[in-house]
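Working notes for the structure below.
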Amino acid sequence: MAFFAFQLVGHAMGESMVGSETVVPLLFRWVHFVAGVTWIGLLYYFNLVQVPFMRETDAATKGGVVLKLLPRALWWFRWSALATVLAGFALMITAGIRNMAIMIGATLGLIMFLNVWLIIWPNQKVVIRMTGDATATKTPPPPEMAKHARRAYIASRTNFYLSFPMLLFMGMSAHFPQF
C-alpha cells in the first residue's frame with residue numbers, strides 16, 4: 001500500500017516511478033523511527049515518572065504497578081528496542097549509511113539494547129516473580145529482590161544517560177551528514 005502511495009506522489013510531482021531502492025530504505029527508516037520513539041519514550045517514562053512514583057507510593061500500589069503495569073510496559077520496551085535496532089541495521093545496509101555520527105549513535109544504541117535484554121529484562125522478571133509470590137502468600141518480598149531491582153534501575157538509568165548522545169549522533173547523521 002505504501003509503495004503505491006509513493007508511486008502516486010511521484011507521478012503527481014512529475015517524477016519517474018519511485019523504485020524499491022527508495023521505498024525499502026524509507027520503510028526501514030519509518031519503522032526505526034516509530035519503534036525508537038516507543039522505546040525511548042518508555043525509557044523516559046520509567047526514569048522520569050515511574051521510578052519517582054514508586055519511591056513515594058504505598059506497598060499495595062507498588063505491587064499493583066509491578067504485577068499489572070510493569071509487564072505490559074516492559075513488553076513494549078524490549079520489543080521496540082529490538083525493532084529499533086533491527087530496522088536501524090537494515091536501514092544502514094539498504095541506504096548505505098556509513099558516516100561517523102551514525103556509527104557512534106548505532107554503537108550507543110546497541111549498548112542500550114544489550115542493557116535492555118541482558119540486564120533490565122532478566123532482573124525485572126525476577127522482581128515481577130518475587131512480587132507475585134509475595135502477594136500470593138501475603139508476605140513481604142524477599143530481601144534479594146532489592147538487588148535485582150537495583151541492577152535493573154542502574155542499567156535503565158545508564159540507558160537514560162546514553163540516550164542523549166545517541167539521539168544527538170543519530171540526528172547529526174541525517175541533518176549534518178558531513179560528520
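A few notes on this one:
- Backbone geometry of segment 120-137 corresponds, through the Karplus equation with coefficients 6.51, -1.76 and 1.60 at θ = phi - 60°, to 3J(HN,Hα) couplings of 5, 4, x, 6, 5, 4, 5, 4, 4, 4, 5, 5, x, 4, 5, 5, 5, 9 Hz, x marking Gly and Pro.
- Taking the Cα centre of segment 25-175 as origin and assigning +1 to Lys and Arg Cβ atoms and -1 to Asp and Glu Cβ atoms, the resulting dipole is close to 180 debye.
- Among A95, A60, A87: highest mean-square fluctuation, GNM of the chain, C-alpha pairs under 10 Å: A60
- Of the residues V127, F53, A90, the one whose Cα sits farthest toward the positive end of the charge dipole of the chain, with +1 on the Cβ of Lys and Arg and -1 on the Cβ of Asp and Glu, is V127.
- The modelled label-to-label distance for the pair A95/K125, using points 7 Å beyond Cα in the direction of Cβ, is 3.3 nm.
- The largest-to-smallest principal axis extents of the Cα set in segment 25-175 are 56, 24, 22 Å.
- For V37, V116, order by how many other beta-carbon atoms lie within 10 Å, fewest first: V37, V116
- Listed by chain and number, the lysines whose alpha-carbon sits under 18 Å from that of K138, ignoring those within fewer than 8 places in the same chain, are K62, K68.
- Rounded to 10°, Cα long-axis angle of helix 100-115 versus longest principal axis of the chain: 30
- Distance (nanometres) between label positions extended 7 Å along Cα→Cβ at F53 and L69: 0.2
Throughout, read-outs are computed from the coordinates displayed, never taken from laboratory work. Everything numeric in this text was worked out from a predicted model, so none of it was measured. No Cβ is skipped: glycine too gets one built from the backbone with ideal geometry, and neighbour counts run over all protein chains shown.
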